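Undergrad: Once you've had a glance at the structure underneath, I'll fire off some questions.
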Amino acid sequence: MEFYRNLPSFNKFENLFVERNYSAVPSDWILYLTDVQGSTKAIEAGHYQHVNMAGAASITVASNVMKTSDFPFQFGGDGATFLAPSKFEKKLDAQLLGLAELTRKTYSLRLRVSKISVWNLYKEKCQLEVLKFAFDKATHLSMFSGNGFAIAEKWIKQNDALSIGGQSTPP
């Protein structure tokens with residue numbers, strides 16, 4: 001957690017576009033992605049709040065497991081992307097699988113939970129960088145940069161083996 005906690009924070013919008021302000025994610029971290037499968041149809045059927053709740057809950061689960069809200073994450077409406085040190089992997093996997101099951105039972109939605117090690121992405125010459133944007137002294141927003149995030153999402157959508165319980169290696 002020290003990596004993110006110790007990142008310098010920027011409070012000017014123009015800093016988001018300065019490449020040198022971003023820091024490489026440690027290779028021993030894990031990239032997690034969650035998303036509600038079929039979210040567009042569920043929203044069209046009037047289940048926007050259920051989709052949104054399932055997507056946001058993965059951030060809450062990660063925060064509870066790591067006992068902090070000071071970690072890099074982004075919420076996408078029907079899911080989230082976040083980074084965590086590998087020391088939390090087993091507990092995160094178990095808690096996120098529990099959330100997926102709760103989502104299925106409660107809302108009849110499939111919350112897809114996937115992960116890939118940052119090391120595997122770096123091995124494939126991907127870049128993953130993060131910047132901490134400060135709204136004020138207590139409120140930060142994570143900004144992600146690098147092709148590794150899009151590549152990880154592509155691999156995950158192409159290969160269900162990357163879902164939790166499967167392998168953590170690219171296809």
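The values are calculated or read from the model by the stated rules, or taken from the named source; none is laboratory data. In this text, all values refer to a predicted model and were calculated from it rather than measured experimentally. Heads up, the Cβs are rebuilt from the backbone with ideal geometry, glycines too, and the neighbour counts pull from every protein chain shown. Heads up: the accessible areas ignore ligands, DNA and RNA and are worked out on the full protein's heavy atoms, side chains in. Shrake-Rupley method; radii C 1.70, N 1.55, O 1.52, S 1.80 Å.
Undergrad: Starting from the Cα gyration tensor of the range 1-107, take the square roots of the eigenvalues, sort them a ≥ b ≥ c, and report rounded, prolate or oblate (rounded when a/c is under 1.5, otherwise prolate if a/b is larger than b/c, else oblate).
TA: oblate
Undergrad: Now for a different question. For the range 1-94, what's the relative contact order in percent, using C-alpha pairs closer than 8 Å and at least 6 residues apart?
TA: Once divided by the residue count of the range 1-94, the mean separation gives 35 percent.
Undergrad: Which residues' amide hydrogens lie under 5 Å from the amide hydrogen of Leu109, considering only partners 5 or more residues apart or on another chain, with H built in the peptide plane?
TA: The answer is Arg104.
Undergrad: Toward the positive end of the charge dipole of the range 1-65, about the Cα centre and with charges on Cβ (Lys, Arg +1; Asp, Glu -1), which of Ser27, His47, Ser9 goes farthest?
TA: Going by the charge dipole, the pick is Ser9.
Undergrad: Can I ask one more? Would you mind calculating the gained length between Lys154 and Phe75 on full extension (0.36 nm times residue separation, minus the Cα-Cα distance), in nm to one decimal?
TA: Length gained between Lys154 and Phe75: 26.7 nm.
Undergrad: Let me ask you something else. Roughly to the nearest percent, how much of the accessible area of the chain is carbon and sulfur, given a 1.4 Å probe?
TA: 52
Undergrad: Let me ask another. How large is ³J(HN,Hα), in whole Hz, for each residue of the range 2-19 in order, when computed from phi with the Karplus curve 6.51 cos²θ - 1.76 cosθ + 1.60 and θ = phi - 60°, using x for Gly and Pro?
TA: For the range 2-19, the Karplus curve yields 4, 3, 6, 4, 8, 5, x, 10, 10, 10, 10, 3, 5, 5, 5, 9, 9, 4 Hz.
Undergrad: Could you run the Karplus curve 6.51 cos²θ - 1.76 cosθ + 1.60 with θ = phi - 60° over the range 130-138 and give me ³J(HN,Hα) per residue in whole Hz, x for Gly and Pro?
TA: Couplings: 9, 10, 9, 9, 9, 6, 7, 5, 10 Hz.
Undergrad: Stretch Thr60-Leu102 to full length: gain in nm at 0.36 nm per residue minus the Cα-Cα span?
TA: Length gained, Thr60 through Leu102: 13.7 nm.
Undergrad: Additional query: Rounded to the nearest 0.05, what FRET efficiency do Gln49 and Arg20 give with R0 = 41 Å and r taken as the Cβ-Cβ distance? Could you check?
TA: Result of the calculation: an efficiency of 0.50.
Undergrad: Please get the size of the charge dipole for the range 1-93, origin at its Cα centre, with Cβ charges of +1 on Lys and Arg and -1 on Asp and Glu, quoted in debye to the nearest 20.
TA: That gives the range 1-93 a dipole magnitude of about 240 debye.
Undergrad: Turning to a different aspect of this structure: Among Met143, Leu111, Leu121, which residue has its Cα furthest toward the positive end of the charge dipole of the range 104-143, with +1 on Lys/Arg Cβ and -1 on Asp/Glu Cβ?
TA: Leu111
Undergrad: Which of the helices in the chain meet the span-like rule: DSSP H, Cα axial reach of 27 Å or more, Kyte-Doolittle mean at least 0.0?
TA: The qualifying helices are 48-66.
Undergrad: Using DSSP, restrict attention to beta bridges with both residues in the range 16-171 and report what percent are antiparallel, rounded to the nearest 5.
TA: Of the beta bridges lying entirely in the range 16-171, close to 95 percent run antiparallel.
Undergrad: Treat every Asp and Glu Cβ in the chain as -1 and every Lys and Arg Cβ as +1, leave all other atoms uncharged, and give the resulting dipole magnitude about the Cα centre to the nearest 20 debye.
TA: Value, rounded to 20: 240 debye.
Undergrad: Do any trypsin sites (Lys or Arg not before Pro) in the range 107-136 lie in a loop, going by DSSP, with at most 15 other beta-carbon atoms within 10 Å of their beta carbon, and if so which?
TA: Answer in residue order: Lys125.
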